[in-house]
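First up is the structure itself, then whatever we jot down about it.
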Amino acid sequence: MNVSTSYRWTRRQTLWMLSGAMAGVALHGCQNPTARTSGGSDEAIAADSSELVSVAVGVTPWIGNTPLFIAQEKGFFRELGLDLNINVFQSMAQGFPAFTVGQLDAVTPVTSEVVSLAERGVDFRVVMVLDVSSGGDVILARNNIQTIEDFRGKQIAVELGGVGHFFVLQVLAEAGLTEQDVELINTPPDAGAAAYQAGNVEIAYSYSPFSDKANEVQPDGRTIFSTQEMPTAIADFFAFRTDFIEANPQAVSAFVEGNMRAIAFLETNRQEGLEIMAAELEITPEELDEQLAGIELPNLERNAEMLANPNSDLYMMDSLNNMAQFLQDQGQIDSIPDLSNVIDPQFVQALQERA
C-alpha cells in the first residue's frame, strides 16, 4: 500500500467499541503519537508563549483535518492565544484512553464513537463538526444487483468494526435487511475496491479514490449507494473534555475560530492550503484536492445548522440519537447513553453572532 492510500485508510480503520480501549491510559502507551506544536511565522505570532493557553488535541492522518493543520501552519491559533499541540494517532481509538484520563483535551471522534464515549461515561462535549462525508463513502454493486433488497444472501466486502461496517448496516436496515441476511467479508476499503474491481466480490464498501478507480476499470457495476443519499451517516467532530471547557472557555472559542479562519483560507488560497496538508499526509496537492471532493468541511453557518437547529435535516443530535438506537439494536452497546448535553453549540453560535 502506498502512502497516499494508507493515510486514507488509517482514519477509518477502527471503531472504539470495546472496553479494552481503556486499558492503555497513558499517552506514551498509545503507539507513540506524532506531535505537532503551534506554527506560524514570527510576524503571525501575536502572543508571547508564556501567555498562551496550552491545548492538546488528538487526531488521525485524515483529510478532514486539513483546516486544523492550515490554522497551525499559518499561526492562526497563536494569534488567538493558543499553544496547540497536535498528537497524530494512526487510529482515534489509540487516543481515547489519553482523552479519558485528561492527557488530551480534545479528540476527533466519528458519530458512532461519540455514542461509544458517552456510553462509557466519558464527560465531554462536541463543539464543532469537523467534516461530513458527502458522497466519498460508497457501496459498489454489480449491474445484476438492482436494489439494496437484492443484497440478501450476497457477500459484501467491508471492514468489520470500521466506520464502513456501520454505514453498510444502516443502508441494509433502510431496506429491511439485517447483518444476518448477508455475508460480510472482513476487508479494508482499498482491498474491497480491488476485489470488486477484479470480479472477486459482487458488493463492496469503499471510498474515493479506491471506488473511483474500481468504477473506471470494472464495466459490470456502479455505485449503488453513497453518503450523498445519507448525508449525516458519517461525520467527524471536535470533542473537548467538559472540565477543560469549563476552565478554558475562551481557549475553546479560539480553537473553533482558528479552524473557521482556516476553512475560509482554503477557499481563497486553495493551492497553498492544499500544499500545507498534502505535506503532512505525504501526498500531492492534486491527490488531496481529489479526495476532498468526497467530504464537506462545514463552515460557520453550516456548523450552526448542524449543531443548533433541531428543525434541520442535518441536525446532528438526531443523527447521534439514531446512531445510539442503532448500535443498541445491533448489540454494540449495552444501553443508550444520555446524549442531551453532548452537543455544545455555544462557541459556534457566539462566533456566528460576531461575524
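Some observations on this one:
- For the stretch 334-346, the tally of residues that are crowded, with 19+ Cβ neighbours inside 10 Å and either among the hydroxyl-bearing types (Ser, Thr, Tyr) or within 20 Å of the chain's Cα centre (by Cα) (or both) stands at 4.
- Residue ID - farthest from Leu68 (Cα to Cα), chosen from residues in the stretch 300-333 that are among the small types (Gly, Ala, Ser) and surrounded by 14 or more Cβ atoms within 10 Å (Cβ to Cβ): Ala324
- Cβ pairs under 7 Å, 6+ apart, first in the stretch 328-348 and farther than 30 Å from Glu257 by Cβ, second of a type in the set (Asp, Glu) and open to solvent by less than 60 Å² (accessible area, probe 1.4 Å): Ile333/Glu119; Ser335/Glu119
- Just one residue in the set Gly121, Gly81, Gly95 is touching an Asp or Glu at 6+ places or on another chain (Cβ under 9 Å) and of a type in the set (Gly, Ala, Ser); that residue is Gly81.
- Of all residue pairs spaced 6 or more apart or on separate chains, those with beta-carbon atoms under 9 Å, a first member in the stretch 207-232 that is on the phi > 0 side of the Ramachandran plot and modelled with pLDDT of 95 or more and a second member that is of a type in the set (Phe, Trp, Tyr) and surrounded by 14 or more Cβ atoms within 10 Å (Cβ to Cβ) are Gly221/Tyr196.
- Within the stretch 313-332, the residues that satisfy the criterion of being in contact with a helix residue (DSSP H, G or I) (Cβ under 7 Å, 6 or more places away or on another chain) and modelled with pLDDT under 90 are Met323, Phe326, Leu327, Gln330.
- Residue in the stretch 166-185 that is nearest to Arg152 (Cα to Cα), counting only those that are of a type in the set (Val, Ile, Thr) and not in a strand (DSSP E or B): Val182
- Of all residues in the stretch 287-306, at least one satisfies being at pLDDT 95 or above and of a type in the set (S, T, N, Q).
- Meets criteria (more than 23 Å from Ser340 (Cα to Cα), of a type in the set (D, E, K, R) and open to solvent by 40 Å² or more (accessible area, probe 1.4 Å)) for Glu159: no
Yes/no per residue for (1) free of Cβ contacts under 8 Å to residues at least 60 places away in the same chain; (2) touching an Asp or Glu at 6+ places or on another chain (Cβ under 9 Å); (3) of a type outside the set (Val, Ile, Thr):
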{"site": "Gly273", "(1), (2), (3)": "no, yes, yes"}
{"site": "Ala278", "(1), (2), (3)": "yes, yes, yes"}
{"site": "Leu281", "(1), (2), (3)": "no, yes, yes"}
{"site": "Glu287", "(1), (2), (3)": "no, no, yes"}
{"site": "Glu301", "(1), (2), (3)": "yes, no, yes"}
{"site": "Glu305", "(1), (2), (3)": "yes, no, yes"}
{"site": "Asn311", "(1), (2), (3)": "yes, no, yes"}
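The values are calculated or read from the model by the stated rules, or taken from the named source; none is laboratory data. Quantities reported herein were computed from a predicted structural model and do not represent experimental measurements. Virtual Cβ from ideal backbone geometry, glycine too; neighbours counted across all protein chains shown. Note: accessible area is taken over every heavy atom of the protein model, side chains too, but ligands, DNA and RNA are not part of it. Shrake-Rupley method; radii C 1.70, N 1.55, O 1.52, S 1.80 Å.
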